[in-house]
Structures are given as C-alpha cells and as structure tokens.
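Here the structure comes first, spelled out in structure tokens, and everything after it is commentary.
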Amino acid sequence: MAVYQAWSGHGPHALIDAVHTLWPDPTAAEATDQALESVYAYPENLDRPWVQVNFVTSLDGAVSVGGRSSGLSGPGDQRVFHIHRDICDVILVGAATALIERYRGLKRNEVRAERRARLGLAELPPVAVVTAKASITPDSLLVSDTIVPPIILTCESAPPDRRKALADAGADVVVVGDEDVDLVAAMTELNRRGLRRVDCEGGPRLFGHMIVAELVDQLCLTLSPLLTACDAGRIVGGPTLTAPRGMKLHAVLRDGDFLMLTYRR
C-alpha cells in the first residue's frame, strides 16, 4: 500500500460517498473516525506482536498502476490508511516498497497527535524496514527526513560498511538472520522494544514471507473499481505455501465504488 498524498478531489474517483459499514452492521450511519478506529483496533493486552497487513488492488488483481499503488486509491482508502498508521506502534515495510513509494518518517499533525494521545500511544511510530542487503542509504528520506529513527531489520551477510553507515546516521540497525532476514526473530526484536501493534504496508514479497512464517493476523484489502489490464504483480509474492491459509471476514466497508475488506486469522 502506498504512502498517499492529500487527495486532490480530481480524477475518476473524485465523486464518492462517505465511508459506510456494510458488515457486520449495515444499519450503521456514516463511519466516524472513532468508529473506524474501533473497526481496525488491535486486540487489547497484547503479549506479542500482532500484524495487520494493508494492500489495495484493482478488480483484475493489479497491485499498482504505473509502478505505484497510489493510482489505485481513493479518499476513503487514504482515510483508512492514515488511521492504520495512527493506531499502530510501528510501520513495517520492505525496502523495495519503501524506495518505490518514496517513504519518509512520519510527521506530527493535529489529528495524529490527538488520536495517538487519546489511545495512549507514543507520539509517532517508527518505520521498520526489512532489507537483507541493508540497501537503504543514509541519505534516504527514511533516515534523513524523520523525527523517530527508523529500524533497519537486516542480516549478517549485509555489507558491514552499509550497516555502520546507517547506524552512524542514527538508524536502529538490527541484525536478525544470516543470509536472509529472519522475520520471526524480527518480531521478537520489535516485541523487545514494546512495538506490538504492527502495521505492515508490504510489499508483495514481504507479505508472502510473512504468510509462510505464520505472522499475518489481519489483512485489510481495498478493492479499487478499476480494470487495468496491465502486467503488474499481485499483492503477494515469494514462497509458495503447501496449503492455503484460512481467514475469517471481520468487516466490510464501502466508499463509493470502493470496497474495504478486513479478514482475520
């Protein structure tokens, strides 16, 4: 899922309805921000990291348009996207997605400050980047344009000079694994830091490895009303499961022609 800019109100999705709940309560009025917080709330009293994954896809399964996912989004999807970020302890993302989508550290704003203070959360969540080769550079906006230092989840085989440069630039460099990032060990490190509400924003390869490692607790999937007929990938990549994993429908919201689906393990 992309890092979205403010919606301009122009383009094919400009004329939309407000966000409404279709299930489990189709009689509910327009969803307020606090109602959406309840829909997407993490379980209470967590004793381990609980991972929510967010994606948007076209009707024909494309995960991006023109190489980025923002072309699939709409105002309601963006609204939910920012709520996800505001109620989490940490944002988890793969290095390729962070580079393509031009990630940077989160900034303060009035809505975010009120919401996070009310929920008893830290002022801002850090961004944790999964990168086996420590491919994020010290001059990346994730490192150079942030208030909270990023967490770099990398492995022993990553070049030592890259790891040192990132650490010297202020990043929290964490080695978890030898040749590849051990995602279970990465979750242990997040847990050690008290970061249990994990908002995973992709990309597809990271999502695939998270599924295989049995680390996905919830999937929030926005279905965009577009047919793209392009060769973009699907929301999951990487390893193949021996058997599909079952999920249970948790909520369905509608924003104009967009559907926002939530499934829990």
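The values are calculated or read from the model by the stated rules, or taken from the named source; none is laboratory data. Values in this document were obtained by computation on a predicted structure and should not be read as measured data. Heads up, the Cβs are rebuilt from the backbone with ideal geometry, glycines too, and the neighbour counts pull from every protein chain shown. Keep in mind that these areas ignore ligands, DNA and RNA; they rest on the heavy atoms of the full protein, side chains included. Shrake-Rupley method; radii C 1.70, N 1.55, O 1.52, S 1.80 Å.
Under 19 Å from Val65 (Cα atoms), open to solvent by less than 60 Å² (accessible area, probe 1.4 Å), in contact (Cβ under 8 Å) with a residue 24 or more places away in the chain and aliphatic (A, V, I, L, M): does that describe Leu221?
Numbers: under 19 Å from Val65 (Cα atoms): yes; open to solvent by less than 60 Å² (accessible area, probe 1.4 Å): yes; in contact (Cβ under 8 Å) with a residue 24 or more places away in the chain: yes; aliphatic (A, V, I, L, M): yes.
Yes: the conditions hold for Leu221.
If only residues of the range 61-78 that are open to solvent by 30 Å² or more (accessible area, probe 1.4 Å) and not in a loop (DSSP other than H, G, I, E, B) are counted, the one that is nearest to Leu259 (Cα to Cα) is Pro75. Condition check for Asp33 on (1) farther than 29 Å from Gly120 by Cα; (2) open to solvent by 40 Å² or more (accessible area, probe 1.4 Å): one failure, at (1). Residues of the range 153-210 being closer than 30 Å to Pro244 by Cβ and small (Gly, Ala, Ser), which ones? Within the range 153-210, Gly177, Ala185, Ala186, Gly202, Gly203, Gly208 meet the criteria. Return the residue satisfying two criteria in turn: it lies in the range 165-186 and is under 20 Å from Ala96 (Cβ atoms) and among the acidic types (Asp, Glu), and of such residues it is surrounded by the fewest Cβ atoms within 10 Å (Cβ to Cβ). If we take residues in the range 165-186 being under 20 Å from Ala96 (Cβ atoms) and among the acidic types (Asp, Glu), then Glu179 is surrounded by the fewest Cβ atoms within 10 Å (Cβ to Cβ). Among the residues making up the range 149-164, those that are under 27 Å from Glu123 (Cβ atoms) and open to solvent by less than 40 Å² (accessible area, probe 1.4 Å) are Pro150, Ile151, Ile152, Leu153, Thr154.
Taking the criterion of being within 18 Å of Ser58 (Cα to Cα), under 18 Å from the mean Cα position of the chain (by Cα) and polar (S, T, N, Q), the residues of the range 213-265 that qualify are Thr222, Ser224, Thr262.
Considering only residues of the range 203-218 that are among the small types (Gly, Ala, Ser) and crowded, with 18+ Cβ neighbours inside 10 Å, which is nearest to Thr131 (Cα to Cα)? Lay out the reasoning, then the answer.
Step one: list which residues in the range 203-218 are among the small types (Gly, Ala, Ser), which gives 203, 208, 213.
Add one more test, that the residue is crowded, with 18+ Cβ neighbours inside 10 Å, and what stays is 203, 208.
Details: Gly203: 12, Gly208: 15 Å.
Looking at residues that are among the small types (Gly, Ala, Ser) and crowded, with 18+ Cβ neighbours inside 10 Å, I get Gly203.
Taking the criterion of being touching a residue at least 60 places away in the same chain (Cβ under 8 Å) and either in contact with a strand residue (DSSP E or B) (Cβ under 9 Å, 6 or more places away or on another chain) or open to solvent by less than 30 Å² (accessible area, probe 1.4 Å) (or both), the only residue of the range 105-120 that qualifies is Arg115. Here the condition is being without any contact (Cβ under 8 Å) to a residue 24 or more places away in the chain and on the phi < 0 side of the Ramachandran plot; of Asp255, Asp178, Asp199, it holds for Asp178 alone. Here the condition is being outside any strand (DSSP E or B) and either modelled with pLDDT of 90 or more or not charged (D, E, K, R) (or both); of Thr242, Thr262, Thr222, it holds for Thr242 alone.
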